[in-house]
Amino acid sequence: MSTRAIIVGTDGTESSKAAVDWAAREARLRHLPLRIMHVFEWVWVDAHYDIGGESLDFARGFAEAVSAAALDRARAVAPEIECTRDTVVGHATPELIAASQGAELMVLGHRGRGGFAGLGLGSVSQRVATHAKCPVVVVRGDGDFVEGPVVVGVDDSPAADHVLETAFEVAAGRDCVLTVVRAYLPAVPSWLARVRATEVETPEQDAAERARLEEEVAPWRDKFPDVPVEIVLTHDSAASALVGLSSRACLVIVGSHGHGVLAGALLGSAGLQLLHHASCPVYVVRHGSRRIGGTPRPRV
């Protein structure tokens, strides 16, 4: 069986260069091959008026130069990894989603060519993060492997166990602290109806919620005894808490589903907020995708 590769999408922008750097380091860390993809669009109308094919040749030459530069960059960052490149004609979003079917991980920059400079996330990155068939990392920041904890947001949905497993494996691979975050709103007495729930002190409810989370984390502590774990319980929204913690983290991990999302939505609101505003790379765990290293789930 062939080894599944990490795929990184590139378009030559500074954001995609950071993604190439991050993906190369991740491939070295996991001992996996890296596949660089550059997708360039060629409109049929352009082809119709392209006498002699000069425009297509120019576009293809530019695209080959972009992917070749990315390959050189990846090899400079991690010369020991197996690295290949593909230059594909088509539309970026469907091509990347199709490629994700057989990938270990898809890595993208947070901004692409075109669009509005003030937006926090490009449309291609958001669509691929939402619909890819494998886990996706959207690289925010400069692509360096910075020191700091891995931060994971965990709710009590059925996918939480899979998210925790990924988070522990990632933290173990980086030999760093894992910060596990649970955001919840406590029930408040009716006579405090006009007071925001986030401002009410509820020590007994907090203790009970912390105990539930500790119980949820316990099997993974046992499986990864060398990973230091920090538990953070907050009354703020998950998005607000995770975005805040991202300023000191090397990576933030979220599941592709969460509570309170619209039926049919494939990425929760916390995940979307992180993709737009986090200060570090964001790892979106795809529920049902193969786990890192294929490790079995511990008995609970």
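Would you confirm whether or not the stretch 68-85 contains a residue that is closer than 22 Å to residue 125 by Cβ and at pLDDT below 95? No, there is no match, as no residue in the stretch 68-85 is closer than 22 Å to residue 125 by Cβ and at pLDDT below 95.
Listed by position, the helices (runs of 4 or more DSSP H) inside the stretch 152-266 whose residues that are over 22 Å from the mean Cα position of the chain (by Cα) and modelled with pLDDT of 95 or more number at least 2 are 203-223.
Answer yes if at least one residue in the stretch 86-102 is touching a helix residue (DSSP H, G or I) at 6+ places or on another chain (Cβ under 6 Å), hydroxyl-bearing (Ser, Thr, Tyr) and surrounded by fewer than 20 Cβ atoms within 10 Å (Cβ to Cβ), and no otherwise.
Within the stretch 86-102, the subset touching a helix residue (DSSP H, G or I) at 6+ places or on another chain (Cβ under 6 Å) is 87-88, 92-93, 96-97.
Those left that are additionally hydroxyl-bearing (Ser, Thr, Tyr): 87, 93.
Then drop every residue that is not surrounded by fewer than 20 Cβ atoms within 10 Å (Cβ to Cβ), which leaves 87, 93.
Yes; the residues of the stretch 86-102 include at least one that is touching a helix residue (DSSP H, G or I) at 6+ places or on another chain (Cβ under 6 Å), hydroxyl-bearing (Ser, Thr, Tyr) and surrounded by fewer than 20 Cβ atoms within 10 Å (Cβ to Cβ).
Regarding residue 136, is this residue surrounded by 14 or more Cβ atoms within 10 Å (Cβ to Cβ) and either closer than 25 Å to residue 221 by Cβ or modelled with pLDDT under 70 (or both)? Considered against the rule, which asks whether it is surrounded by 14 or more Cβ atoms within 10 Å (Cβ to Cβ) and either closer than 25 Å to residue 221 by Cβ or modelled with pLDDT under 70 (or both), residue 136 comes out as no.
The values are calculated or read from the model by the stated rules, or taken from the named source; none is laboratory data. Note that this is a predicted model, so its numbers are computed, not measured. Every residue, glycine as well, gets a Cβ built from its backbone with ideal geometry; the counts of neighbours run over all protein chains shown.
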